[in-house]
Amino acid sequence: MAIAFYAEDTELPAINKQAVSGWVRAVAATYGKKTGDISYIFCSDEKILEVNRQYLQHDYYTDIITFDYTEGNKISGDLFISLDTVKTNAEAFHTSYNEELHRTIIHGILHLCGINDKGPGEREIMEANENKALAILPEECKQ
């Protein structure tokens, strides 16, 4: 069971993979979950648009698409993250690229833990859980 990081159509972001993996496991544990195989695929806007069209029949850009393969209490999935959109969102929300990247990284994990963000009031619940997770982000990830 591993947490893996890949890049498609872009460079891998400068993240501390070991610290991020530990953080992901710690956040999952707060929801009573263990981590199975989790793949982060960092990509461009064009690649995420292609994935969105091909698998979800959505014709728009997004920051993350989470494919959930969770079984029981073991979360697993493929998480496509558009670094282009992360950068755009960081600018729009007046936050650092690094913080927005880690918020997006954990957003997918929260989906795998069962937290949604599409229904009434769910976006606020997701954001509160993202903030709680970011509060325990290891220092070595913040540089």
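Read-outs throughout are calculated quantities, based only on the coordinates presented, and are distinct from any laboratory measurement. Every value quoted in this text rests on a predicted model; they were computed, and no experiment measured them. All Cβ positions, even for glycine, are placed from backbone atoms using ideal geometry, and neighbour counts span all protein chains on display.
Brief remarks follow.
- Note on Lys17, Lys118, Lys47: ascending count of other Cβ atoms within 10 Å places them as Lys118, Lys17, Lys47, the fewest first.
- Near Ser76, the amide H atoms lying under 5 Å from its own belong to Gly36, Tyr69, Thr70, Glu71; only residues 5 or more places off or on other chains count, and H is placed 1.01 Å from N.
- Estimated translational D of the chain in µm²/s (Stokes, Kirkwood radius over Cα pairs; 20 °C; 1.002 mPa s): 141 µm²/s
- For segment 52-65, 3J(HN,Hα) computed residue by residue from phi via the Karplus equation (6.51, -1.76, 1.60; θ = phi - 60°) reads 4, 5, 5, 9, 10, 6, 10, 10, 7, 7, 8, 7, 8, 10 Hz, glycine and proline entered as x.
- Nearest-0.05 FRET efficiency for Ile136 and Tyr97, computed from C-beta distance (R0 25 Å): 0.80
- Percent antiparallel among DSSP beta bridges (both partners in the chain, rounded to 5): 30 percent
- Net charge of the neighbourhood of Glu71, taken over other residues with C-beta under 13 Å away and scored Lys/Arg +1, Asp/Glu -1, is +1.
- Note on Ile125, Ile136: ascending count of other Cβ atoms within 10 Å places them as Ile136, Ile125, the fewest first.
- Ranking of Arg25, Arg123, Arg103 by count of other Cβ atoms within 10 Å, fewest first: Arg123, Arg25, Arg103
- Taking amide H as placed 1.01 Å from N in the peptide plane, the amide H of Ile3 sits under 5 Å from that of Ile38, each at least 5 places away or on another chain.
- Computed over the alpha-carbon atoms, segment 1-52 gives an Rg to Rh ratio of 1.05, Rh here being the Kirkwood radius from the mean inverse distance.
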